[in-house]
1. Any residue at all in region 342-361 that's of a type in the set (A, V, I, L, M, F, W, C), at pLDDT 95 or above and within 25 Å of residue 144 (Cα to Cα)?
2. Looking at 331, 298 in this structure, which one is crowded, with 18+ Cβ neighbours inside 10 Å, within 20 Å of the chain's Cα centre (by Cα) and not aromatic (Phe, Trp, Tyr)?
3. Can you work out which of the residues in region 301-316 that are surrounded by 14 or more Cβ atoms within 10 Å (Cβ to Cβ) and within 25 Å of the chain's Cα centre (by Cα) is nearest to ligand 2 (Cβ to nearest atom)?
4. Do we find a residue being surrounded by 21 or more Cβ atoms within 10 Å (Cβ to Cβ), in contact with a Pro (Cβ under 6 Å, 6 or more places away or on another chain) and either part of a loop (DSSP other than H, G, I, E, B) or not hydroxyl-bearing (Ser, Thr, Tyr) (or both) anywhere in region 256-268?
5. Taking region 66-80 as the search range and keeping residues that are open to solvent by 10 Å² or more (accessible area, probe 1.4 Å) and within 14 Å of ligand 1 (Cβ to nearest atom), which one is nearest to residue 11 (Cα to Cα)?
6. What is the one condition in (1) within 15 Å of ligand 1 (Cβ to nearest atom); (2) touching a Cys at 6+ places or on another chain (Cβ under 9 Å) that residue 39 does not satisfy?
7. Take the conditions out of contact with any Leu (no Cβ under 7 Å at 6 or more places or on another chain), open to solvent by 10 Å² or more (accessible area, probe 1.4 Å) and over 24 Å from residue 23 (Cα atoms) and apply them to residue 244. Does it pass?
8. When you look at residue 184, is it part of a helix (DSSP H, G or I), of a type in the set (Phe, Trp, Tyr), crowded, with 19+ Cβ neighbours inside 10 Å and touching a residue at least 40 places away in the same chain (Cβ under 8 Å), yes or no?
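The values are calculated or read from the model by the stated rules, or taken from the named source; none is laboratory data. Computed from a predicted structure; not experimentally measured. FYI the Cβ positions are ideal-geometry reconstructions off the backbone, even for glycines, and counts take in every protein chain you see. Surface accessibility is based on the protein's heavy atoms, side chains included, excluding ligands, DNA and RNA. Shrake-Rupley method; radii C 1.70, N 1.55, O 1.52, S 1.80 Å.
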Amino acid sequence: MFKPFDEKPMPVDQGVMDWKSIYPTPYSKQEVDPYTKIRIILMNGIEVEATMFSHQFHRNCVNNDIRRELAMLRRIEQQQQKHINWLKPIDETQIETTIGYEHVAVDLTAWLAQNEPDPYVKEALDFALLEDFDHLYRFSNLLHLDQNIPSQNLVKNLVEITPGRPTIAEHRHPYDTVRNHVDFKSADIRTMLNTLIITAGEQQTMNFYMNLGNTYPNDLGRQLYQEIALIEEEHVTHYGSLLDPHSTWLENLLLHEYMECYLYYSFYQDEQDENIKPVWEMHLNQELSHLHKAAEMLSTHENKHWDEVVPGTFPRLLQFHDTRDYVRQILGEQVELTSDRETLSMVSDLPDNHTFFQYQDRVNHDVTAVPSHVVIDRHQNMHGQDYRAEVEPNPVKALTNRSADNTTVARSKNLARV
Ligand SMILES: [Fe+2]
Ligand SMILES: [Fe+2]
Ligand SMILES: [Fe+2]
């Protein structure tokens, strides 16, 4: 069992890298293990969160002793982010990277849900899992429509490509996207880590689509990115609302560094790619120095011991694996769930005047203009059917028809249960 506070870390400033160490040898897009790729995508998102959290802390802090330490830590988080994000090779296109982003969303969310002790948080994870699963299907159809590339080749059959909760049904009133927060004082460490990790991961997907969605080379693709970027806004609100707002800034810094150590240690243990394994090892050593620094700052400025915030031993390590059966099961059981303020509800149980229907009517009143529907429709017109990679037919009967895109599942009250 790894105990991060028992390690003897190097001084923080020894983590500063020179240009040669910051610019990595990229992976090969033909040969990379899809799980290596999703570890890279996730850790980029984690480093982006480390950086942006630190900037917000800095702007809300009057103490320059703290602000200088934050600037030091943040510079290294920034270097780590560059080191990881530049592992993407030159020939991997934006849409190919996007398939990786949605693959992470599916496998990460499923793993976290399977390892989540708090039923309310597990419910929240299962809920958004089905939505990112559908994004993978919509983007895969775009990729196949435009370039004839089967996404299957990119994810190497580790995840199925088939409709989830249809994206058109995911557009909800903002009031229905806010969940209750967790109490970190009584929560299991797995819940704290899971909510921090998934919020950072979804936030990076949101950032990626909001910044690069407009560079896709045709209108339909640009429209699809716009639409899915807005679902990611919902997901970041959904997950961000689970985090405990009572944590102080310094407690939160400690939590962030602890999460980074946990993930780098997990991935260092699991990584088979010999070019990438040393990256996780190097960053783990940098993060251990950050964690000890954060603990020191918490003690100096708030007179709190780290063990009031996190335990000394890591919980079960994060290990990506095949989650196809789990996703299938959740899809079969929960496709028709939507959100009713802080709780989840079957669409058929909502009153006719619910904010869900009001919002749907506002944005989706013209179904033929909804990009996530149009992309499937166009693929069906061109190839006679949509693009899928399934082990068995979709577990939801209404989603098994490959020649007509279903726009009523999880959206219309009057649909007979399937
Ligand atoms: Fe970091
Ligand atoms: Fe998402
Ligand atoms: Fe860090």
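1. Among the residues of region 342-361, not one is of a type in the set (A, V, I, L, M, F, W, C), at pLDDT 95 or above and within 25 Å of residue 144 (Cα to Cα), which makes the answer no.
2. After ruling out the rest, the residue left standing is 331.
3. 315
4. yes
5. Only one residue fits best here, namely 72.
6. (2)
7. Considered against the rule, which asks whether it is out of contact with any Leu (no Cβ under 7 Å at 6 or more places or on another chain), open to solvent by 10 Å² or more (accessible area, probe 1.4 Å) and over 24 Å from residue 23 (Cα atoms), residue 244 comes out as yes.
8. no
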